[in-house]
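One structure is given here, and the rest of the page talks about it.
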Amino acid sequence: MKHSPVANIEFIKQVNTASVYRLIDEQKQISRVDLAKLSELAPASITKMTRQLMAAGLIKEVAQQASTGGRPAISLTCETEPFVFLSCKLGRNNLTIALHDIAGTKLVDYNVALNTAPNNDVIPFLLAQIADFINVNLKPDTQSLIAIAVTSPGLIDRESGTIVYLPKHNLKDIPLGKMLTKAFNVPAFIANHTQSLSLAELYFGAAQDCEDSVLLSVHDGVGSGIINNGKIFTNYNNQVGEIGHIRIDPLGLPCHCGSHGCLETIASNEAILKQVTGLIKQGHETSLTLEALTIEAICNAANSGDELAVQVLQRVSKLLGQAIAIIVNLFNPQKVLIKGEIVAAKNLIFPMIEHSVQQHALGSFVPNLIISEAEFQNEPSMAGVALVRKSLLEGGLLSYIINEHDA
Ligand SMILES: [Zn+2]
């Protein structure tokens, strides 16, 4: 894309202001002198930018007692309380809406089953639920809403904020971002849930210490989010990392994608429940019962040595390992993080997954690879928090807040 010279200057200003804000955020408290040193920007520019950030209420001055005594130095720190955003997860069965402050701290959240949506029409339901949530939870005297993020499974175009295809809710080409901005008058961020969660692991979770990581999520399906060189690995179509449809067993069960033996037909929660149900019905000995069959129950049974549960989870782990080995060969990540109810049987599944990866991945890629639990197992709103923080620290959302103040 070509920018006019004026647009270029504006863009550079935006990037510089964002880097100054990011330093204050990282350092918690920092003087203007240190800001100039760390950012390598001229002191006069620092003065101007911090004045702008302060006028918008994004940062404030605090007195910092110098260790040598004498006159207290003035430091700058981020102002977190007045700015809040919503982070929503439109799941397969549930909608979660959470209110976070600008630093990402969760203030309150709310969960509702999607089968209560009139006519199974989830988009009007989502908009109505958000409106209600704002009415109940936002304090208009002291808080201002700066963004709404929505993450969901399915194919999402992040650039335009469009749900391209979400078969579970019968959604196709829904310009959700535009709809939210129109209804609530704030920027909106829409993205695939697992991809956004991999970014949350990078920013605040178990992948903070790496540049390259993969999040593998085992839920009703199996999905992945790939972080490459500290960025979400994606492409023009926003459609990558469909690990659930890697064919693991050519003679396996049919998959909803039209193929056979996809990882999802073996290693998703649904597939695990199906396998255990089949074995119980065949009369195999187990402490599990059909009436109370959940992934949690299967993990508990496996942890107490139930042979049937152990066998099923071992097979699942072995095949997950095979699929992970393919990802390892392609991306050579430092960490593979696993999210899903099955991590409740971690002492059983992780050694098996590791063994399988060792067998199938390139020998030189394996020694430094860490396979471990994802940090955010049950915090769906962290996915949207990552999207909002990304835009804030890269400058887009920050400029919006500054311009809103000027307007
Ligand atoms: Zn498939």
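The values are calculated or read from the model by the stated rules, or taken from the named source; none is laboratory data. Note that the structure is a prediction, hence the values are computed from the model and not measured. Cβ placement follows ideal geometry from the backbone for every residue including glycine, while neighbour counts extend to all protein chains displayed.
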- If you go through Ala36, Ala18, the only one that is closer than 13 Å to Ser75 by Cα and surrounded by 17 or more Cβ atoms within 10 Å (Cβ to Cβ) is Ala36
- By residue number, the members of segment 135-175 that are surrounded by fewer than 17 Cβ atoms within 10 Å (Cβ to Cβ) and assigned to a helix (DSSP H, G or I) are Asn135, Val136, Pro167, Lys168
- Task: Sort out which residues of segment 231-277 are in a helix (DSSP H, G or I), in contact with an Asp or Glu (Cβ under 7 Å, 6 or more places away or on another chain) and away from the ligand (no atom under 14 Å from the Cβ), and write them in order of number.
- Result: Asn269
- Task: Pick out, from segment 301-407, the helices (runs of 4 or more DSSP H) lying fully within it that include 3 or more residues that are in the same structural domain as Leu279 (by TED's automatic domain parsing), more than 27 Å from His100 (Cβ to Cβ) and not β-branched (Val, Ile, Thr).
- Result: 307-331, 346-360
- With the checklist (1) touching a helix residue (DSSP H, G or I) at 6+ places or on another chain (Cβ under 7 Å); (2) under 22 Å from Arg389 (Cβ atoms) in hand, flag the one item Asn137 doesn't pass. (1)
- Item | Matching residues, segment 41-65, being over 32 Å from the mean Cα position of the chain (by Cα), closer than 16 Å to Ile12 by Cα and of a type outside the set (Gly, Ala, Ser) | Leu41, Ile46, Lys48
- Does segment 331-359 hold any residues that are in contact with an Asp or Glu (Cβ under 7 Å, 6 or more places away or on another chain) and closer than 19 Å to Glu375 by Cα, and which are they? Pro333, Gln334, Leu337, Ile338, Glu341, Val343, Ala344, Lys346
- Taking Leu197, is it more than 15 Å from the chain's Cα centre (by Cα) and either outside any loop (DSSP other than H, G, I, E, B) or more than 22 Å from Pro333 (Cα to Cα) (or both)? no
- Message: If the requirement is being surrounded by 15 or more Cβ atoms within 10 Å (Cβ to Cβ) and touching a Cys at 6+ places or on another chain (Cβ under 7 Å), which of these qualifies: Cys255, Cys299, Cys210?
- Response: Cys255
- Message: What's the number of the only condition in (1) modelled with pLDDT of 95 or more; (2) in the same structural domain as Ala344 (by TED's automatic domain parsing); (3) in contact with a Ser or Thr (Cβ under 7 Å, 6 or more places away or on another chain) that Thr151 fails to meet?
- Response: (2)
